[in-house]
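Written below as structure tokens is the structure these notes are about.
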Amino acid sequence: MTAFEKVAPPQGRLDVTALYDWDYLVQEDRAHRLIYTDPAIFEVEMTRVFGGTWTYLAHESEIPNANDFITRRLGLRPLIVVRDTANKIRALYNRCTHRGTTLCRWDKGNAKSFQCPYHGWNFLNTGKLRGVPWPDGYAEDMRDPKYNLAQVPRVESYRGFIFGTLNLDALPLAEHLGPIAQIIDEWLDRNPGGKVVVCEANRFRFKGNWKLAYDNSCDGYHVAYSHRSLLETENRFAGANAKGMAYYRNSPDTQPMYMRYTGHGNHFKDKRPNLEKRPGGLWALESAHPGMEHYEAEFLRRYGERAFALLDLAGSEPVNINVFPNFSLLGNHIQVFEPLSVGETNAIWYGTMVVDDGTLGEAAVTDINALRMRTQEGFPNFGEVDDIANFEQIQCGLMAVEDEWVYMHRGLGVPGRIQRHDDGTITAPATDEAFMREHFKEWKRLMKSPHNLAIAREP
Amino acid sequence: MNAPATNPKDSDPSRSSYYVNDAFYRELIGNFTGWQDDARAVADAAVRDEFRRLLEREARLLDQLRYDDWLAMYAAECIYWVPSTPQAGDPRREIAVMFDDRRRLEDRVYRLRTGFAWSQAPASRTVRLVSNVEVFASASDAARMLRSNFLISEFWGNETRVLTGWAGHRVVRAGAGWKIQAKQVNLIDCDQCIRNPSIIL
């Protein structure tokens, strides 16, 4: 039986929730600049948000075999996400219980145990202390469980996506995801066998608060402006056949696409209704990518009409699925936000490839993936760079102390614009900021509560 | 594995991409595997100087944002490849930081010129040092492989930072001179998070 240790603030520390009146800082229509700029608020977030709710850690395909590991973070906590010798997935604190040294400095690998480079304490990949050098120098029995590595007490996967939380009272992951799980299912199930495998990433860092990225995740308002260089580039030869995200250019709210808030800070933007529902409907929208004309001709030659369904697998799925606070599925990417400090964040776009489920054959899968790598490199190179430049400039703008508020009220109070459904979900036009108003309610709920946080150790 | 698809002889690689096919990928991987072999190193100072000048000119054109002149240094069917791992895995199954064919390279330049590429508004100022140039013979006398180290000082967003690594160029004979057929840019931190990777390396 795993032992849990309750997490409490250090004694003598004043209650951090007394720091601010959270209801003042986040109002229905606006948020105060301090939530993006104050290091003290960031510090609270690193336990109450990154710890208090489910945070995405890794994808199972990154640790496919027993003893595989990958180093990640939960908030600022350095973790080793392992598939242990018994195939159990764990999120170990990458912190020696002796003096606090990180045990593992590699990004990934395969190891049954981790030895501290400082004094040689050695831990199994279950987190259990295996031994220390010259134990007779200790008066006590070093088998006390308190010397086993701390680990995230709850680690659960949803169809390959590994999440962790320190909150013992959090809903089971699938319940926490709720209605957005169905959209995740749809995102996966369009791929052979309902599976994807992570295959490296486009990795960005920006000097801005992590919430600037999450505030962007469902934002259909910025596209025509922030991504103007992309829209112009991907349509430079398109003529009447608008490519890529061109449907954002003129009154995007009249398009059938929409955003939906599904609870717990999660939301998705669904652009699929903008497409023609036919094999090749997705592919038809793709802008220029390396090799696309060759592979299209080759697939048609080899597979006839079936070619279009295969080409769609290389097409970018037009949906943004966002799980608060750090996870998005968009196009074929898994995007992850990693807070580094109040003003610095990593935004990592993990690429995914398809695997053969026995129906496609190796040749088709190799070629689909060759094309799918190139379609995935397009947006990070020509779109994301401009977004993160804008995030950095928001962080600069918010240094103006006296001008306190950022507004998120687009759509608020406009009659007939927002639909609230019986299941509690909310639908709004694609450029609405309802998603942001709603995820800030969740942020505030998390920030107000100390939660029932714990770490675990092997007994 | 695959028979080549219809590749219209008159297809313009600036407009359509037929040459990036499975055979091309396999050849690219082959050309960039095991090529830094002492036995194939070219010692002739004049040859090394010729290619050193080619690489210095490329660096200068990029520093001066002379993209048309820079693009003209490349073969019509070319690749600009920035791997996302130090071992540069198979680009058919590994996302690259950048993997541009001729058309995407021209897209990259087009985007920078739209005036709406916020990541380059205002544009970075760069100064590139190119050094340790080595020339290696290729299986074909019509091609050479070049290895060079680079250090790009980039001023952007009120800060100067350094991007560094090594590049592998595959150059092919074109008339009296040489064109760059493939450039592989190996950033030393290619598998880490990079701030504003929006200049051409």
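The values are calculated or read from the model by the stated rules, or taken from the named source; none is laboratory data. For clarity, every value in this text was computed on a predicted model and none was experimentally measured. Cβ coordinates were reconstructed from backbone atoms using ideal geometry, including for glycine residues, and neighbour counts include every protein chain displayed.
Table for the structure above
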{"quantity": "Qualifying residue in the stretch A:426-443 (condition: within 11 Å of chain B (Cβ to nearest Cβ), within 30 Å of A:Tyr24 (Cβ to Cβ) and touching a Gly at 6+ places or on another chain (Cβ under 8 Å))", "calculated": "no"}
{"quantity": "Residue identified as under 19 Å from B:Arg40 (Cβ atoms) and either within 14 Å of chain A (Cβ to nearest Cβ) or not in a strand (DSSP E or B) (or both) among B:Ala182, B:Ala167", "calculated": "B:Ala182"}
{"quantity": "In the stretch A:59-107, residue farthest from the chain's Cα centre (by Cα) [restricted to those that are in contact (Cβ under 8 Å) with a residue 40 or more places away in the chain and at positive phi]", "calculated": "A:Asn67"}
{"quantity": "Residue among B:Glu134, B:Glu77, B:Glu94 that is under 24 Å from B:Arg53 (Cα atoms), modelled with pLDDT of 95 or more and touching a Pro at 6+ places or on another chain (Cβ under 8 Å)", "calculated": "B:Glu77"}
{"quantity": "Positions within the stretch A:420-432 being out of contact with any helix residue (DSSP H, G or I) (no Cβ under 9 Å at 6 or more places or on another chain) and either of a type in the set (Gly, Ala, Ser) or closer than 9 Å to A:Cys218 by Cβ (or both), in sequence order", "calculated": "A:Gly424"}
{"quantity": "Within the stretch B:97-156, considering residues that are at the interface with chain A (Cβ under 8 Å from one of its Cβ atoms), among the hydrophobic types (A, V, I, L, M, F, W, C) and in a strand (DSSP E or B), the one nearest to A:Phe204 (Cα to Cα)", "calculated": "B:Met98"}
{"quantity": "Answer residue from the stretch A:331-381, given it is closer than 19 Å to A:Asn191 by Cβ and of a type in the set (D, E, K, R) and is surrounded by the most Cβ atoms within 10 Å (Cβ to Cβ) among those", "calculated": "A:Arg372"}
{"quantity": "Within the stretch A:353-370, considering residues that are at pLDDT 95 or above and at the interface with chain B (Cβ under 9 Å from one of its Cβ atoms), the one nearest to A:Arg302 (Cα to Cα)", "calculated": "A:Asp367"}
{"quantity": "Restricting the stretch A:290-315 to residues that are within 14 Å of B:Val20 (Cβ to Cβ) and in a helix (DSSP H, G or I), the residue that is farthest from the other protein chains (Cβ to nearest Cβ)", "calculated": "A:Ala314"}
{"quantity": "Residue identified as part of a loop (DSSP other than H, G, I, E, B) and surrounded by 18 or more Cβ atoms within 10 Å (Cβ to Cβ) among A:Asp386, A:Asp432, A:Asp403", "calculated": "A:Asp432"}
{"quantity": "Counted residues, the stretch A:34-49 - those being assigned to a loop (DSSP other than H, G, I, E, B) and either touching a His at 6+ places or on another chain (Cβ under 7 Å) or surrounded by 20 or more Cβ atoms within 10 Å (Cβ to Cβ) (or both)", "calculated": "1"}
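Yes/no per residue for (1) in contact (Cβ under 8 Å) with a residue 12 or more places away in the chain; (2) under 23 Å from A:Val82 (Cα atoms):
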site	(1), (2)
A:Arg159	yes, yes
A:Asp169	yes, no
A:Pro172	yes, yes
A:Ile183	yes, no
A:Gly194	yes, no
A:Glu232	no, no
A:Asn235	yes, no
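Per-residue answers, yes or no, for (1) within 14 Å of chain B (Cβ to nearest Cβ); (2) surrounded by 21 or more Cβ atoms within 10 Å (Cβ to Cβ):
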| position | (1), (2) |
| --- | --- |
| A:Asp144 | no, no |
| A:Arg154 | no, no |
| A:Ala174 | no, no |
| A:Gln182 | no, no |
| A:Cys199 | yes, yes |
| A:Asn202 | yes, yes |
| A:Cys218 | no, yes |
